[in-house]
1. Look through B:Thr380, B:Thr344 and report the one residue that is surrounded by fewer than 19 Cβ atoms within 10 Å (Cβ to Cβ), more than 30 Å from B:Ala478 (Cβ to Cβ) and polar (S, T, N, Q).
2. Look at the range B:304-321 and say how many of its residues are at pLDDT below 95 and open to solvent by 20 Å² or more (accessible area, probe 1.4 Å).
3. Kindly indicate whether A:Val132 is open to solvent by 20 Å² or more (accessible area, probe 1.4 Å) and closer than 28 Å to B:Pro200 by Cα.
4. Of the numbered conditions (1) more than 15 Å from the chain's Cα centre (by Cα); (2) in a loop (DSSP other than H, G, I, E, B), A:Ser98 satisfies every one except a single condition; which is it?
5. Filter the range B:410-436 down to residues that are farther than 16 Å from B:Pro492 by Cβ and of a type in the set (Gly, Ala, Ser) and give me whichever is surrounded by the most Cβ atoms within 10 Å (Cβ to Cβ).
6. Condition check: more than 30 Å from A:Phe11 (Cα to Cα), open to solvent by 40 Å² or more (accessible area, probe 1.4 Å) and not basic (Lys, Arg). Does A:Ser115 satisfy that?
7. Go over the candidates B:Ile439, B:Ile488, B:Ile462 one by one and state the one that is open to solvent by less than 20 Å² (accessible area, probe 1.4 Å) and farther than 25 Å from B:Glu395 by Cβ.
8. Among the residues of the range B:169-188, what is the count of those that are more than 23 Å from B:Thr66 (Cβ to Cβ) and either within 14 Å of chain A (Cβ to nearest Cβ) or crowded, with 24+ Cβ neighbours inside 10 Å (or both)?
Amino acid sequence: MKKVDRILLRFSGAIVEEPITAQVILELGIPIRIVTATVNSLGGDILIEVPAIHLKKIVKAFRDKGVIVKFPKLIEVDYDKCFDCGACYALCPVDAISFDEDHSVVFDEKTCIGSPCGLCVDACPARAIKLVEQHRNNPK
Amino acid sequence: MFHTLRTVLELTKMAISEKGNGRTIAEINQKIKTGDIQVLTAEEMKNLVESSGVEVAYKEVDVVTTGTFGAMCSSGAIINIGHSDPPIKIQRAWINDVEVSHPGAAVDLYIGATMMSETEPFEYGGGHVIEDLIAGKEVELRATSQGTDCYPRTKLDTTLTKDDLNQFYLLNFRNCYQRYVCATNSRDEIIYTYMGKLLPRFRNASYSGAGALNPLMNDPDYETIGVGTRIFLGGAQGYVIGEGTQHDPTNRFGTMMVRGDCKKMSPEFISGGAFTKYGTSLYVGIGIPIPILNEGLAKKTALRDEEIFTDIVDYGVPRRERPKLGKVNYATLKSGEVTINGRTIKVSSLSSLKKARKIAETLKSWIENGSFYLSAPAETLPTDSVCNPMKQTDEITFVNRVAHEAVICRVDEDIKAVAQRIISKSVNHVVVTDKGGEIKGMVTSWDVTRAVAEGKSKLADIITKKVFTTRPDESVEAASRKMAQHHISALPVVDRDKKVVGLITSEDISKLRGR
């Protein structure tokens, strides 16, 4: 599998009506996978997956069109709290949770789709998993 | 009576083995003293037996260590907080807003693992209080009393750490189930259970237990386990104090009652747990050393995950006897995938295999470095007792007793035909099915009225497709809760294949109540 990177595109109300994602795809001729999208007339967040080798080009293209580009952290796992039971494992729809050799629970943060899902969060008896909310206009 | 006799037999057996072949616990302890002891974890023992056979394993190995780390709800801690001045005979008490019970005189309190915080229910409970105290944290105690001549005080507010407690003992009345079932959910909705979060329509499953590492599974006839067996408990040395409640050895669902000094325990092996919409619990780490007294025990401790089977159970049916959907072994469960009704789904463990291994390893190192000696039980756990269901004096009514035959129509029928049927049968609800009798929706007299008002003629346009249903063996109480929750007045009754077998209405239930 080719290496991919995830980036979060943040569209303000002023540009959200423009078909920017489509324009970038057409201009660069690079396929982009939309993982999740939350969009309305006030603006929106789109989480995309892009080929890692084209990351720089794609980020520049979006930024040139006024889109805020972020490298998002979608999930936070407190490994001090986690006692490696794996109650979360079977709930993950994208197979982002697995066990390593010594049976520790491992989260693949690059595969996790974050807040539109969150199925694992309330299944954790140790309460070790938190979604990092991708709030719009978050100054972070 | 039986296990007293058994103990005599055991002692005789031990006496015989002291003379001739076989190993005794005294011999094992002598070896621990001289550092000449051979200890393997249960996982290592299985490998040795597989490669060299039972005979060699028996000759070479003195002790096999086991381990498990899982949610054990029937757990708690007894504390004595010392007398206040003026003294109080506590009637009710709360620690960090979790009500603790007052099982004895004046200032003894029992922190039950599943008691929930009054301000943070389902998130924080007795299990967390125990963990916090073990971790050295300060907790808040508040208590009330009526006041007596000898105990005049009526209110108490103070803070405590474990150092302020006279006694702080884990006293768990049912721990360490030999094995447990694999849970899944047939319902159309997510359910939250003590077996975790179960997605709709068999989309996931969960299980608990360490399988071949489980303490009781490695000595399934309890030859070496009973009152006074020294064990690993929560990171310290503890004791088995007898059979656990609901001990069910004949079905291989044995349990134990245990005791241990919390002041010596570590939060690494004792953790509070929160199960969403179910409640709180305590994760307990337990390890039992199995002395290999005879060749039979060498063979038993070689039991593999592939040989330990358990039932796949539908937790979507909230009854004492839940439907069993098949059998699965622990090797399959640990692989993370299980097949239910021909479909492979992911299965989660609720207990930690990583910690179970760490417990078996830790216990092994304690024995090897001479800090842990084995003890012979004064009385072994019973092997023949049964766990009986509750004697109930009130009669529970189930849906099949109350439901009546459903009036049915097909999706392609004319609205007019359905309207006529509503009138001729004088009903309000018509269940829509396909040719095979499988449920496809519902139409009410109100839907038909609206169709007339809005000029709709196709039945398909007015059918409610997402219909809440009940089953013949669901309790009427559960069915009526479903109706109230979803603001509806009837539920089609369907069997396991979604075929309509009847209808239950709020009217049926009112009639039952009025009887």
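The values are calculated or read from the model by the stated rules, or taken from the named source; none is laboratory data. Note that the structure is predicted; figures quoted are calculated from it, not measured. Glycine also receives a Cβ, built like all others from the backbone with ideal geometry; neighbour counts cover every protein chain displayed. These accessible areas exclude ligands, DNA and RNA; they are computed on the full protein's heavy atoms, side chains included. Shrake-Rupley method; radii C 1.70, N 1.55, O 1.52, S 1.80 Å.
1. Only one candidate qualifies: B:Thr344.
2. The number of residues fulfilling the criteria is 4.
3. yes
4. In the conditions (1) more than 15 Å from the chain's Cα centre (by Cα); (2) in a loop (DSSP other than H, G, I, E, B), A:Ser98 misses (2) alone.
5. Looking at residues that are farther than 16 Å from B:Pro492 by Cβ and of a type in the set (Gly, Ala, Ser), I get B:Ala419.
6. Details: more than 30 Å from A:Phe11 (Cα to Cα): no; open to solvent by 40 Å² or more (accessible area, probe 1.4 Å): yes; not basic (Lys, Arg): yes.
For A:Ser115, the condition - more than 30 Å from A:Phe11 (Cα to Cα), open to solvent by 40 Å² or more (accessible area, probe 1.4 Å) and not basic (Lys, Arg) - is not met.
7. Values: B:Ile439 fails: open to solvent by less than 20 Å² (accessible area, probe 1.4 Å); B:Ile488 fails: open to solvent by less than 20 Å² (accessible area, probe 1.4 Å).
Answer to the selection: B:Ile462.
8. Start the filter on the range B:169-188 by keeping residues that are more than 23 Å from B:Thr66 (Cβ to Cβ), which leaves B:183-188.
Those left that are additionally either within 14 Å of chain A (Cβ to nearest Cβ) or crowded, with 24+ Cβ neighbours inside 10 Å (or both): B:183-185.
Selection size over the range B:169-188: 3.
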